[in-house]
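The values are calculated or read from the model by the stated rules, or taken from the named source; none is laboratory data. Computed from a prediction, not measured in an experiment: that's the story for all the values here. As a convention, Cβ positions derive from the backbone with ideal geometry for all residues, glycine included, and neighbour counts pool all protein chains shown.
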Amino acid sequence: KRIVTAAILLPVFFLVIISPYPLLFTAVYLAAALLLAREILLFSSQKIKTSTWAITYGAIAAVFVFKYLTFFYGLSRFPVYEGMVLILFLAFFLVGLSYMFSASFEDFYSNAGFATFTVLYAGIILSFGLELRFFHHINPSLEQGLESFLKGLFKTGAEAQTGALYIFYVLTIAWIYDAGAYFVGMA
């Protein structure tokens with residue numbers, strides 16, 4: 001099953017990673033982060049409320065939107081990092097509000113912990129893949145004008161594909177370790 005899934009998805013991931021379009025990469029990367037979030041939330045031994053799922057998914061999407069706007073539309077980096085931490089705390093707070101009148105403290109702590117960890121792991125940490133893939137991009141706040149924006153967005157050649165090689169390197173290492181753990185575990 002894993003081999004068939006990999007055989008189907010690997011060419012799609014390859015095309016998305018080498019694509020010069022940041023919005024396509026961001027959208028697919030966000031979808032992968034949301035799938036990862038789903039897997040993490042399913043690890044919980046307790047039933048997680050629908051509101052917790054929605055808050056977690058919304059927080060992860062907000063992190064990716066912040067990162068995308070920062071990296072490609074010239075927002076300052078430091079406030080965006082503060083914004084990502086604010087999103088993390090806001091997710092915890094909103095999950096707490098959703099459990100305030102309907103569940104015990106044990107349910108709240110367990111679900112809020114899972115939601116916060118999921119936003120941190122699947123949202124904030126994975127969002128740095130955008131910077132890794134498109135580190136060659138010229139920040140429009142450094143050079144003004146549409147020409148500089150387009151020049152950074154559609155670079156071609158070795159410089160533009162270096163980020164793709166870094167992404168391939170990270171994914172290859174993860175896949176090798178995952179496959180190795182799978183086969184050793186089966187043996």
Criterion: within 17 Å of the chain's Cα centre (by Cα), at pLDDT 85 or above and in a helix (DSSP H, G or I) - qualifying residue of GLY129, GLY185: GLY129
Quick test for you: out of PHE64, PHE25, pick the one residue that is within 14 Å of the chain's Cα centre (by Cα), crowded, with 17+ Cβ neighbours inside 10 Å and closer than 14 Å to LEU120 by Cα. PHE64
